[in-house]
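What follows is calculated from the coordinates using simple rules that are stated; it is not laboratory data. Just so you know, these numbers come straight off a predicted model, no measurement behind them. No Cβ is skipped: glycine too gets one built from the backbone with ideal geometry, and neighbour counts run over all protein chains shown.
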Amino acid sequence: MTYFFQNVVNALQWGSFYALIALGYSMVYSILMLFNFAHGDIFMVGAYIGFGVATLLVAMSAGGAIVLPGWLILILTILISMFLTALLGMFVERVGYRPLRDAPRASAAITGLMIGIILETGNLWLLGARRVSFPSLIQTVTYDVGGVILTNKKIMIVLVALAFMLALHLFVRHSKWGMAMRAMAFDYVVVPLMGVSINTIARMTFAIGSALAAVAGILFSIAYPVLDPYMGIVFGWKAFVAAILGGRGSIMGAALAGFLLGFIEIFVAMAFPSTLRDLIAYSIIMVILVFRPHGFFGEPYSAKLRL
Amino acid sequence: MMLEIDNLRVSYGGIRALHGLSLRIDAGEIVCVLGANGAGKSTTLRAISRLVPVEKGGTMRFVGRDLLGYSPDKVVSQLGISHVPEGRRLFGNLTVKENLRFAAFARKDGGGIARDTERVFTIFPRLQERAGQKAGTLSGGEQQMLAIGRAFVSARKLMLLDEPSMGLAPLLMMSVFAALQEINRAEGTAILLVEQNARLALHFAARGYVLENGHIVLEGSSQALLHDERVKKAYLGG
Ligand SMILES: Nc1ncnc2c1ncn2[C@@H]1O[C@H](COP(=O)(O)OP(=O)(O)OP(=O)(O)O)[C@@H](O)[C@H]1O
Ligand SMILES: [Mg+2]
């Protein structure tokens with residue numbers, strides 16, 4: 001039983017990563033009908049930006065210029081990295097996707113893959129083929145709750161991820177910009193007729209998705225501090241699966257599917273040899289999709305694609 | 001002259017839909033464009049809203065400005081031209097209120113937005129009753145009211161209306177047109193109306209154009225068009 005709960009804790013942590021990344025996929029897909037296949041690599045770059053910012057702040061602190069406690073460095077790292085990664089997302093939208101707005105969807109998909117490769121090799125070129133390790137900002141504290149081992153980091157990761165998901169949910173439900181995203185997801189052709197630029201909304205959506213990917217990158221680096229330039233690929237694919245599973249345009253769906261993915265992976269690994277983990281986990285997901293082809297909360301895209 | 005269009009040509013994938021169309025609208029005027037299916041009526045409105053590319057040689061000026069220098073969203077937010085598209089195209093996943101709020105997205109004049117929204121609710125009390133309802137679940141008539149209200153809130157120097165009578169019962173149709181007349185009278189909004197229902201359009205508009213296969217074949221005052229033999233034969237059922 002304690003073994004079971006131990007796995008629940010681990011699944012929640014992995015689910016947090018998947019869910020945060022899936023949100024970016026899901027938002028872009030819902031407003032532009034395209035998958036940003038560079039998104040996994042934006043997660044990777046977010047982690048590296050976090051690494052750079054944290055390392056710099058730690059060095060400044062150690063040099064005695066300004067002495068900051070670890071938790072404050074962590075908060076600053078998250079905020080600064082979100083901002084910088086959002087800029088990267090806006091740049092990717094501007095140069096990678098906007099020129100292809102009316103091109104076939106396949107061209108946009110290839111562009112995403114290309115941008116991903118550029119980000120990976122750009123990273124290799126900048127930092128060389130070595131793995132870097134994320135500085136330890138907070139001391140690990142371990143709690144034993146009836147045999148289940150919890151750490152302050154795991155708890156923090158899950159809570160921070162949930163807080164960002166809730167914030168995004170409220171933003172999309174209640175803010176003017178969130179309303180614009182919902183309108184655009186329903187019928188993007190009509191958006192300019194309301195005096196609103198599609199580009200503005202697309203840019204903002206990329207910014208938010210990328211900022212959340214940066215949060216995921218930093219949270220991941222706290223749990224697994226060794227970074228490498230290809231870490232975004234597998235995460236990107238899995239988050240993509242979660243976004244599909246959640247259903248088009250559903251924040252809640254993408255988040256739930258991210259956690260579900262975490263649970264399936266962890267619990268399959270509990271019962272089967274770990275080499276079979278992905279095979280079995282993703283077969284389960286395929287079966288789910290057969291019964292719910294539009295995902296948990298998705299609806300088929302109804303509006304016509306032109307006026 | 002509010003809107004001046006000359007030699008407007010538009011093609012879809014190499015097939016020309018408008019062959020050098022010229023059209024004028026004065027400030028505060030109601031003008032209609034009649035024509036059969038596929039004549040190019042919607043294309044004309046799409047060209048004014050900058051949703052389709054216009055071929056070289058054509059000009060479109062709105063209150064002295066070159067329309068071709070504006071992107072579709074700026075045509076609405078900076079020039080003040082709104083467009084009720086064919087088939088209404090409401091945001092069915094948003095409530096009535098949200099549809100109106102989104103239409104005001106680009107506006108900065110909070111007081112003006114509140115006033116215009118209030119105005120929409122005065123003209124169409126049904127919409128106020130249904131303010132919290134998802135637009136996708138409204139009846140056809142209510143949807144048309146919301147489509148007009150939404151356009152009114154987004155911009156109201158000139159409104160482009162693409163077949164607002166479509167799918168409405170006669171009584172409702174009359175009340176929608178009465179509302180449009182009221183908007184035109186009270187706000188000075190010019191209206192360019194595209195209609196297949198020629199009789200209705202000619203009673204509502206002061207002037208009209210007849211479009212056939214992308215060519216303007218006739219134009220004149222509504223009175224003149226109502227008594228024109230060709231119009232009678234082709235569009236008024238004898
Ligand atoms: N997106 C498009 N791609 C290709 N051809 C188009 C497109 N839109 C319109 N057309 C063609 O252009 C011509 C004019 O179309 P338009 O929609 O302007 O007609 P309309 O007068 O509004 O007709 P209706 O009364 O049926 O709405 C038609 O021959 C139509 O088939
Ligand atoms: Mg039409």
### Task
For the stretch B:62-78, enumerate the residues that are in a helix (DSSP H, G or I) and either facing chain A (nearest Cβ under 10 Å) or within 14 Å of the chain's Cα centre (by Cα) (or both).
B:PRO72, B:ASP73, B:LYS74, B:VAL75, B:VAL76, B:SER77, B:GLN78
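For the stretch B:163-179, which residues satisfy the criterion of being in a helix (DSSP H, G or I) and either within 16 Å of ligand 1 (Cβ to nearest atom) or touching a Pro at 6+ places or on another chain (Cβ under 9 Å) (or both)? Before you say what the answer is, go through the steps one by one.
As a first pass, look at the stretch B:163-179 and keep what is in a helix (DSSP H, G or I): B:170-179.
Passing the criteria: B:MET173, B:VAL176, B:PHE177.
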## Note on the structure
Within the stretch A:188-199, residues being at the interface with chain B (Cβ under 8 Å from one of its Cβ atoms), surrounded by fewer than 20 Cβ atoms within 10 Å (Cβ to Cβ) and in contact (Cβ under 8 Å) with a residue 24 or more places away in the chain number 1
### Query
Going by the conditions given, is B:SER165 in contact (Cβ under 8 Å) with a residue 40 or more places away in the chain and surrounded by fewer than 22 Cβ atoms within 10 Å (Cβ to Cβ)?
no
### Query
Any idea which residue in the stretch B:62-95 is farthest from ligand 1 (Cβ to nearest atom), counting only those that are polar (S, T, N, Q) and touching a helix residue (DSSP H, G or I) at 6+ places or on another chain (Cβ under 6 Å)?
B:ASN93
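Tell me yes or no: at least one residue of the stretch B:150-163 is over 21 Å from B:ILE30 (Cα atoms) and within 16 Å of ligand 2 (Cβ to nearest atom).
No, every residue in the stretch B:150-163 fails to be over 21 Å from B:ILE30 (Cα atoms) and within 16 Å of ligand 2 (Cβ to nearest atom).
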### Selection count, the stretch B:187-214, where residues are over 14 Å from B:ILE25 (Cβ atoms), more than 16 Å from ligand 2 (Cβ to nearest atom) and either among the β-branched types (Val, Ile, Thr) or free of Cβ contacts under 8 Å to residues at least 24 places away in the same chain (or both)
1
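For the condition among the charged types (D, E, K, R), buried (at least 18 other Cβ atoms within 10 Å of the Cβ), away from every other protein chain (no Cβ under 14 Å) and not in a strand (DSSP E or B), what is the one hit in B:GLU182, B:GLU142, B:GLU98, B:GLU118? Steps first, please.
Values: B:GLU182 fails: buried (at least 18 other Cβ atoms within 10 Å of the Cβ); B:GLU98 fails: away from every other protein chain (no Cβ under 14 Å); B:GLU118 fails: buried (at least 18 other Cβ atoms within 10 Å of the Cβ).
Exactly one residue qualifies, and that residue is B:GLU142.
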### Query
If you check A:PHE83 against the conditions, is it without any contact (Cβ under 8 Å) to a residue 60 or more places away in the chain and within 22 Å of A:MET27 (Cα to Cα)?
no
### Query
Can you tell me how many residues in the stretch A:43-82 are closer than 17 Å to A:PHE235 by Cβ and in contact with a Gly (Cβ under 6 Å, 6 or more places away or on another chain)?
6
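Can you tell me which residue among B:LEU225, B:LEU202, B:LEU218 is away from ligand 1 (no atom under 14 Å from the Cβ), closer than 21 Å to B:SER165 by Cα and over 19 Å from the mean Cα position of the chain (by Cα)?
Values: B:LEU202 fails: over 19 Å from the mean Cα position of the chain (by Cα); B:LEU218 fails: closer than 21 Å to B:SER165 by Cα.
After ruling out the rest, the residue left standing is B:LEU225.
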### Task
Determine, yes or no, whether B:SER82 is under 29 Å from B:ARG207 (Cα atoms), among the hydroxyl-bearing types (Ser, Thr, Tyr) and without any contact (Cβ under 8 Å) to a residue 40 or more places away in the chain.
no
### Query
Any idea how many residues of the stretch B:13-56 are within 16 Å of ligand 2 (Cβ to nearest atom) and not in a strand (DSSP E or B)?
16
#### Entry: Residue check for B:LEU193: aliphatic (A, V, I, L, M) and part of a loop (DSSP other than H, G, I, E, B)
no
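Quick check: is even one residue across the stretch A:61-70 surrounded by fewer than 21 Cβ atoms within 10 Å (Cβ to Cβ), touching a strand residue (DSSP E or B) at 6+ places or on another chain (Cβ under 9 Å) and hydroxyl-bearing (Ser, Thr, Tyr)?
Of the residues in the stretch A:61-70, the ones surrounded by fewer than 21 Cβ atoms within 10 Å (Cβ to Cβ) are A:61-70.
Checking the rest, the ones that are also touching a strand residue (DSSP E or B) at 6+ places or on another chain (Cβ under 9 Å) come to none.
No: the stretch A:61-70 contains no residue that is surrounded by fewer than 21 Cβ atoms within 10 Å (Cβ to Cβ), touching a strand residue (DSSP E or B) at 6+ places or on another chain (Cβ under 9 Å) and hydroxyl-bearing (Ser, Thr, Tyr).
Just give me the residues in the stretch B:87-105 being within 16 Å of ligand 2 (Cβ to nearest atom) and basic (Lys, Arg), in sequence order. Can you show your working first?
To start, the set of residues in the stretch B:87-105 that are within 16 Å of ligand 2 (Cβ to nearest atom) comprises B:87-89.
Answer for the stretch B:87-105, where residues must be within 16 Å of ligand 2 (Cβ to nearest atom) and basic (Lys, Arg): B:ARG88, B:ARG89.
Would you pick out the residues in the stretch B:130-159 that are closer than 18 Å to B:ALA104 by Cβ and hydrophobic (A, V, I, L, M, F, W, C)?
Taking the stretch B:130-159 first, the residues closer than 18 Å to B:ALA104 by Cβ are B:131-132, B:135, B:145-159.
Answer for the stretch B:130-159, where residues must be closer than 18 Å to B:ALA104 by Cβ and hydrophobic (A, V, I, L, M, F, W, C): B:ALA131, B:ALA135, B:MET145, B:LEU146, B:ALA147, B:ILE148, B:ALA151, B:PHE152, B:VAL153, B:ALA155, B:LEU158, B:MET159.
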#### Entry: Lone qualifier among A:ALA211, A:ALA202, A:ALA185, A:ALA223 - being within 13 Å of another protein chain (Cβ to nearest Cβ) and farther than 22 Å from A:HIS294 by Cα
A:ALA202
### Message
Pull out all pairs, ordered by first then second residue, where Cβ-Cβ is under 9 Å, the residues are six or more apart or on different chains, the first lies in the stretch B:32-61 and is more than 14 Å from chain A (Cβ to nearest Cβ) and near ligand 1 (Cβ under 9 Å from one of its atoms), and the second is part of a strand (DSSP E or B) and among the basic types (Lys, Arg).
### Response
none
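Kindly indicate whether B:VAL153 is within 14 Å of chain A (Cβ to nearest Cβ) and within 12 Å of B:LEU34 (Cβ to Cβ). Break it down stepwise before answering.
Working: within 14 Å of chain A (Cβ to nearest Cβ): yes; within 12 Å of B:LEU34 (Cβ to Cβ): no.
No.
Quick one: which residue in B:VAL10, B:VAL84 is among the aliphatic types (A, V, I, L, M), within 16 Å of ligand 2 (Cβ to nearest atom) and within 11 Å of chain A (Cβ to nearest Cβ)? Before you say what the answer is, go through the steps one by one.
Working: B:VAL10 fails: within 11 Å of chain A (Cβ to nearest Cβ).
Answer to the check: B:VAL84.
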